[in-house]
Amino acid sequence: METFLQQTLNGLVSGSIYALVALGYTMVYGILGLINFAHGELVMIGALVALQTVTALSGAFPGLHPVILLIAGVAVAVPVCMAVGYLIERIGYRRLRNAPRLAPLITAIGVSFLLQTLAMIIWGREFHVFPQLVSTTPMQPMDGVVVSPLQIFTIVVAFALMGGLMLLVNKSRLGRAMRATAENHRVAGLMGINANGVIAATFIIGSGLAALAGVLFASNYAIAHYAMGFTPGLKAFTAAVLGGIGNLPGAMVGGLVLGLVESFGAGYIEHLTFGFLNSSYQDIFAFMILGAVLIFRPSGLLGERVADRA
Amino acid sequence: MRTENTTPILEVRGLKVAYGGIQAVKGIDLQVREGELVSLIGANGAGKTTTLNTLAGVVPHNGGEIRYAGQDVGKLPSHLRLRKGLALVPEGRGIFTRLTVAENLQTGAYTRRDTDGIAADMEKVFTLLPRVKERLNQVAGTLSGGEQQMVAIGRALLSRPQVLLLDEPSMGLAPLVVEKIFEVIHSITREGMGVLLVEQNANLALEVSERAYVMEGGLVTLEGTGKALLDDPKVRSAYLGEEIDQGLAA
Ligand SMILES: Nc1ncnc2c1ncn2[C@@H]1O[C@H](COP(=O)(O)OP(=O)(O)OP(=O)(O)O)[C@@H](O)[C@H]1O
Ligand SMILES: [Mg+2]
């Protein structure tokens, strides 16, 4: 029972980060029918820009409170990622909107390499230690279950962001315009909606979420690196497909399910395979689950929208 | 009836539209004045939808001029033409099927900030189209065709257009619903809105229109008052499903 609670908790932490990143994939897919494979790199940029900010600030003003450092890091990382996300759309994808599908896909992969290379030039090849801005001192709310303030913080922030995004999309004027544009760009234009602006806003919002996910990810693993975006990017993409790409609640559910499956998988994989595989194989679970779900529900857990898009 | 010398709010000269190499509209002139109901009739493939889509900025033109309220709007994207007051209810209605009826109406008022004015116009739409009010929280994709058409018209009205382009609003609808929709069209022109109506049901369109254009193969081949065209033997035989010898026998 304790192991169960512990694995659930661990799963929720990574799952809620995957969910934040998955939302970016699914929002862009919903509005453009495009997989933005460069999205994972925004997680990396968010983490490294936050790290750079924190390092610079704590160098200039030693003794600054970690919470202030964290806020400052986020306050710089989020707009930087938003700007990068905007530029990716504006320069990379906009002119390819009516091109065959392969063209934006290849562009996305190219942009991904470009961003990684730029990050490598700026921040080097080495792993950087990401400082503990939120305490990681374990607490023991009950026997056998260990939780740190950082873990609680991660889950709370991620869920608050997801709730905020749902409100934005479902209740605000911009959210309505996003949903209208996702359904039909042409008719959205006839309603006076500037579809290009709405598409740009979608990239900007998704990129902001990725920046925050990057800070949470780097905090939890205490590490930042120019290639760190690849794995969470791929997992989040998996989560988005798992939940039904194009569907926002699907991305959240997909992210959480993926985090939980990995966590339980890592905990029980040795028993399940009679010691043949150990917990370092936990990554295969993500893709096994994806495969299994797509065989039985090709449109994902909550998806029904893939088929009706041209 | 508007006098002929009022300046038209929408004025099209020599409009040409091509799809790839195919010239679908080959140089047409037309005008719509404030409060005027003008219809555009013609056989399938004549270029009516192409004309309306071009006026609304959905399809680019390759010749001629589109002047709206004294300005050349031919280069503006569709969302900016709407902001100027030129609205299109597209062929097939273009309802946002995943949004609720209320949300569809709200997208119609997207460009407006006057909350009170929007609420008042919303009430007006409900008075004109009571059925829409009953369905406010329903997902629009589940509405009947007639209800969707009403939502499409109500949504367009909420942008407060000065010129409304309507592409076959009666398509696929029962006669009673068609009658209702024509009543609504008539009542909006009384408030000063100009309407350019594309209709398959030429008889009905000509009856209610002050003026009309007949399109054929991308050109306007006839124009005149609705009444004159109704009595025109060529129109009668080609578009009103009447055989000439029937007329002779009568
Ligand atoms: N997107 C397009 N690409 C190529 N050709 C097109 C396109 N849309 C229309 N056309 C062609 O342009 C011509 C005019 O079409 P349009 O839809 O304007 O006719 P219409 O008068 O509205 O006909 P209907 O009464 O059937 O709606 C037709 O020959 C049609 O095949
Ligand atoms: Mg047509």
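The values are calculated or read from the model by the stated rules, or taken from the named source; none is laboratory data. Computed from a predicted structure; not experimentally measured. Reconstructed Cβ throughout: ideal geometry from the backbone, glycine too, with neighbour counts over all protein chains shown. These area figures cover heavy atoms from the full protein model, side chains too; ligands, DNA and RNA do not enter into them. Shrake-Rupley method; radii C 1.70, N 1.55, O 1.52, S 1.80 Å.
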Selection within the range B:22-58 - away from chain A (no Cβ under 14 Å) and touching a His at 6+ places or on another chain (Cβ under 9 Å): B:Val25, B:Leu37
Please give the number of the condition B:Leu52 fails out of (1) open to solvent by 30 Å² or more (accessible area, probe 1.4 Å); (2) within 16 Å of ligand 2 (Cβ to nearest atom); (3) in contact with an Asp or Glu (Cβ under 6 Å, 6 or more places away or on another chain). (1)
Examine the range A:164-184 for a residue that is buried (at least 18 other Cβ atoms within 10 Å of the Cβ) and more than 14 Å from every other protein chain (Cβ to nearest Cβ), and state whether such a residue exists. yes
With respect to B:Val163, is the statement that it is aliphatic (A, V, I, L, M) and either more than 24 Å from B:Thr7 (Cβ to Cβ) or surrounded by fewer than 22 Cβ atoms within 10 Å (Cβ to Cβ) (or both) true? no
Positions within the range A:227-261 being crowded, with 24+ Cβ neighbours inside 10 Å, part of a helix (DSSP H, G or I) and in contact with an Asp or Glu (Cβ under 9 Å, 6 or more places away or on another chain), in sequence order: A:Gly233, A:Lys235
Subset tally (residues that are open to solvent by 30 Å² or more (accessible area, probe 1.4 Å) and part of a strand (DSSP E or B)) for the range B:187-242: 7
For the range B:119-150, enumerate the residues that are more than 12 Å from chain A (Cβ to nearest Cβ), assigned to a helix (DSSP H, G or I) and buried (at least 17 other Cβ atoms within 10 Å of the Cβ). B:Asp121, B:Met122, B:Val125, B:Leu128, B:Arg131, B:Val132, B:Gly146, B:Glu147, B:Gln148, B:Gln149, B:Met150
Mind telling me which of the residues A:Ala224, A:Ala211 ends up being in contact with a Leu (Cβ under 6 Å, 6 or more places away or on another chain), away from every other protein chain (no Cβ under 14 Å) and of a type outside the set (Lys, Arg)? A:Ala224
Just name the residue that is nearest to ligand 1 (Cβ to nearest atom) out of those in the range B:17-36 that are acidic (Asp, Glu) and open to solvent by 10 Å² or more (accessible area, probe 1.4 Å). B:Asp29
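Every residue, every condition in (1) within 23 Å of the chain's Cα centre (by Cα); (2) assigned to a helix (DSSP H, G or I); (3) touching a residue at least 12 places away in the same chain (Cβ under 8 Å), yes or no:
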{"position": "B:Gly94", "(1), (2), (3)": "yes, no, yes"}
{"position": "B:Asn104", "(1), (2), (3)": "yes, yes, yes"}
{"position": "B:Thr107", "(1), (2), (3)": "yes, yes, yes"}
{"position": "B:Asp116", "(1), (2), (3)": "no, yes, no"}
State yes or no: is B:Val178 surrounded by fewer than 23 Cβ atoms within 10 Å (Cβ to Cβ), away from ligand 2 (no atom under 16 Å from the Cβ) and either within 15 Å of the chain's Cα centre (by Cα) or under 20 Å from B:Val195 (Cβ atoms) (or both)? yes
List, please: which pairs have Cβ atoms under 6 Å, are six or more places apart or on different chains, and start with a residue in the range B:46-72 that is among the charged types (D, E, K, R) and end with one that is within 13 Å of ligand 1 (Cβ to nearest atom)? B:Lys48/B:Leu40; B:Lys48/B:Gly42; B:Lys48/B:Val198; B:Lys48/B:Met215
Inside the range B:154-185, can you point out the residues that are touching a Leu at 6+ places or on another chain (Cβ under 7 Å), within 14 Å of another protein chain (Cβ to nearest Cβ) and closer than 20 Å to B:Glu34 by Cβ? B:Ala156, B:Leu158, B:Ser159, B:Pro161, B:Val163, B:Leu165, B:Leu166
For B:Arg83: the one exception among (1) within 8 Å of another protein chain (Cβ to nearest Cβ); (2) buried (at least 20 other Cβ atoms within 10 Å of the Cβ); (3) in a helix (DSSP H, G or I): (2)
Counting only residues that are in contact with a Ser or Thr (Cβ under 7 Å, 6 or more places away or on another chain) and more than 16 Å from ligand 1 (Cβ to nearest atom), which one in the range B:179-203 is farthest from B:Gly94 (Cα to Cα)? B:Val195
Restricting to the range B:42-73, what's the tally of residues that are modelled with pLDDT under 95 and touching a Phe, Trp or Tyr at 6+ places or on another chain (Cβ under 9 Å)? 2
So how many residues does the range B:62-80 have that are surrounded by fewer than 22 Cβ atoms within 10 Å (Cβ to Cβ) and either within 15 Å of ligand 1 (Cβ to nearest atom) or within 13 Å of another protein chain (Cβ to nearest Cβ) (or both)? 5
Give all pairs with beta carbons closer than 7 Å in which a residue from the range B:123-137 that is farther than 10 Å from B:Glu147 by Cα meets a residue that is open to solvent by 100 Å² or more (accessible area, probe 1.4 Å); count only pairs at least 6 apart in sequence or on separate chains. B:Phe126/B:Lys133
Can you tell me which residue within the range B:13-49, out of those that are under 16 Å from the mean Cα position of the chain (by Cα) and among the basic types (Lys, Arg), is nearest to ligand 2 (Cβ to nearest atom)? B:Lys48
